[in-house]
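The values are calculated or read from the model by the stated rules, or taken from the named source; none is laboratory data. These figures come from a predicted structure and were not determined experimentally. Neighbour counts are summed over all protein chains in view; Cβ atoms, including those assigned to glycine, are modelled from backbone coordinates with ideal geometry. The accessibility values were calculated without ligands, DNA or RNA, using every heavy atom of the protein model including side chains. Shrake-Rupley method; radii C 1.70, N 1.55, O 1.52, S 1.80 Å.
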Amino acid sequence: MVNGDPGAAATVGGASWLALLRGDVTYRRRFSLLGREWDLFPGVFSPMQSHSTGFFSRAVPQREGGTFLDVGCGSGVMAVEAALAGCRKVLAVDLDTAAVDNTLHNARLHGAEAVSAQVSDCFADIPPQLRFDTVFWSLPYAAVPADDPSALDTGAHTICDVGHRCLRAYLSGVGGRLAPGGRAFLGFSDMGDHAALVHTAEENGWSPRLLAASSGEPNPNIEHHLYELISMRR
Ligand SMILES: C[S@@+](CC[C@H](N)C(=O)[O-])C[C@H]1O[C@@H](n2cnc3c(N)ncnc32)[C@H](O)[C@@H]1O
């Protein structure tokens, strides 16, 4: 819909989107999703403003008793849901301290003891020996060129992948984080740059396979995509 059009990417969903994420607007702090109540800390990506959180939480396949790495955990809904669904160990990471604190808070709220969380720039700050059965990132889903003014917004990284930095970090590092037989997934949208996804995946030995697509309230004009990354090197 808005591929390759950064101006549209910045405004789809309403010009207020980045303002909401910057914390210009007072959030409702408590929200309901997937039949549970959650708290949202200021400045953290809001599942109230996006269909993606609920969709990906339901759609990413988890291995019963397996381990899960949730990159870009935001408020922690996905990490907590995975733990409550039977993952024995869930590591949630985010660039933002507020998101890490929010995830730990929501894990405590729901007694999800399998969840731990830490700050990490994609995989960079995760102990190198750790490997997971399932790895997922709901990528900041609007592709924005590095010279676009919205790239300078303080909240931009919650929703904007500036210059494909997140895409590159994830696709170049995810293979090194998989346990034997592990599966890698990626959350994307039609606000992303699909050509860059395919190109960057192939450069790193992956073929992205679309598993599911969904749109819905509160932003039915955006379609969210779940990809599994299939290794071309196996
Ligand atoms: C689209 S939001 C998804 C949040 C959450 N997973 C959800 O579904 O509600 C993308 C998340 O990635 C985080 N993020 C952005 N750049 C990152 C990076 N370099 N390393 C780790 N997390 C990052 C953002 O802070 C944000 O929480």
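Split the accessible area of region 6-231 by element, probe 1.4 Å, and carbon with sulfur accounts for 52%. The modelled label-to-label distance between GLN118 and SER231, using points 7 Å beyond Cα along the C-beta direction, is 2.4 nm.
Less than 5 angstrom separates the built amide H of LEU211 from those of LEU226, TYR227, GLU228, all sequence-distant by 5 or more or on a different chain.
Largest first, the extents of the alpha carbon coordinates of the chain on the three principal axes equal 42, 41, 30 Å. Taken per residue, the accessible surface of region 6-231 reaches 40 Å², heavy atoms only and a 1.4 Å probe. Normalised by the number of residues in the chain, the average gap of Cα pairs under 8 Å and 6 or more apart makes the relative contact order 20 percent.
Peptides 85-91, 113-119, 34-40 ranked from most to least packed by the mean count of surrounding Cβ atoms within 10 Å: 85-91, 113-119, 34-40. Inter-part distance, region 102-151 to region 43-92, computed on C-alpha centroids, equals 10 Å.
Which of the three applies to region 65-125, rounded, prolate or oblate, going by the alpha-carbon gyration tensor with a ≥ b ≥ c and a/c under 1.5 meaning rounded? It comes out oblate by the Cα gyration axes.
If I build a Gaussian network model for the chain, linking alpha-carbon pairs within less than 10 angstrom, which residue out of THR97, THR134, THR67 has the largest mean-square fluctuation? Among THR97, THR134, THR67, the largest mean-square fluctuation in the Gaussian network model of the chain belongs to THR97. Distance between the modelled labels on LEU130 and SER214, one decimal in nanometres: 2.6 nm (7 Å Cα→Cβ projection). 3J(HN,Hα) along region 79-94: 4, 5, 4, 5, 5, 5, 7, x, 5, 7, 8, 10, 10, 10, 10, 7 Hz, from the Karplus curve 6.51 cos²θ - 1.76 cosθ + 1.60 with θ = phi - 60°, whole Hz, x for Gly and Pro.
Proximity of backbone amide H atoms, modeled 1.01 Å from N, is registered between SER189 and HIS225 at under 5 Å, excluding neighbours fewer than 5 places apart on the same chain.
Relative contact order for region 162-234: 34 percent, from Cα pairs under 8 Å spaced at least 6 residues apart, divided by residue count. Distant-in-sequence amide contacts of PHE123, defined by a placed amide H-H separation under 5 Å and a gap of 5 or more residues or a different chain, comprise nothing. From a point 7 Å beyond the Cα of ASP101 in the direction of its Cβ, which residues of region 43-70 have a backbone N at a distance under 16 Å? Zone members listed by number: 43-45.
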